[in-house]
1. Determine whether region 103-110 contains at least one residue that is assigned by TED's automatic domain parsing to the domain that holds GLY53, surrounded by fewer than 14 Cβ atoms within 10 Å (Cβ to Cβ), under 13 Å from ILE63 (Cα atoms) and of a type outside the set (Gly, Ala, Ser).
2. Residue by residue through region 61-100, note down the ones that are of a type outside the set (D, E, K, R), assigned to a loop (DSSP other than H, G, I, E, B) and either surrounded by fewer than 18 Cβ atoms within 10 Å (Cβ to Cβ) or touching a residue at least 60 places away in the same chain (Cβ under 8 Å) (or both).
3. What is the residue count in region 98-123 for residues that are hydrophobic (A, V, I, L, M, F, W, C), under 15 Å from ASN70 (Cα atoms) and over 10 Å from the mean Cα position of the chain (by Cα)?
4. Going by the structure shown, is LYS116 surrounded by 16 or more Cβ atoms within 10 Å (Cβ to Cβ), in contact (Cβ under 8 Å) with a residue 12 or more places away in the chain and on the phi < 0 side of the Ramachandran plot?
5. For region 72-105, what are the residues that are within 19 Å of HIS135 (Cα to Cα) and among the acidic types (Asp, Glu)?
Amino acid sequence: MDASIKYENSFGALATIGAGGIMSAADAAGASLGVPVPFQNKIVLIENTRVAGTTHVHGIDEIAKKLEINADLRLEREPDNLADSWAIKVFAGDECIGFVPADCNEVLARLMDGGKALSAKLTGKEKLGTWNKLHMEVSLDD
């Protein structure tokens, strides 16, 4: 069973988006499809990376204390970021806790821009002086 849909894009050409893209588009539009995706796979893209910019997050000490290992994190593209056009914010619940590091965000941003659904989870945390060092795993949900 093919879980992709053909649609006409703004250039008049036919394009195909897969199940992950369909789910991402529905989520972005605020709609919940509630449709199970057959043969959905989790593909780990980055096994271990830090959450960048935690020292700039107001209240990070309290946020980090509440975070549990394996907690789900949400990734959100920020293409208008003046410092990095490939920027991806990392959220724990409604709190932005930092960014995907710039040295590994371009491919992830391109996947997200292409409609792929990415997820992350907290894999480690430690307090080094005043720095809350948070680690995460990033996966493609396809």
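1. Within region 103-110, none of the residues are assigned by TED's automatic domain parsing to the domain that holds GLY53, surrounded by fewer than 14 Cβ atoms within 10 Å (Cβ to Cβ), under 13 Å from ILE63 (Cα atoms) and of a type outside the set (Gly, Ala, Ser).
2. The answer is LEU67, ILE69, ASN70, ALA71, PRO79, ASN81, LEU82, ALA83, SER85, GLY93.
3. Residues in region 98-123 being hydrophobic (A, V, I, L, M, F, W, C), under 15 Å from ASN70 (Cα atoms) and over 10 Å from the mean Cα position of the chain (by Cα): 1 in total.
4. yes
5. Matches in region 72-105: ASP72, GLU76, ASP94, GLU95, ASP103.
The values are calculated or read from the model by the stated rules, or taken from the named source; none is laboratory data. Since we're looking at a predicted model, the values are computed, not measured. A quick note on method: Cβ atoms are made from the backbone with ideal geometry, for glycine too, and the neighbour counts reach across all protein chains shown.
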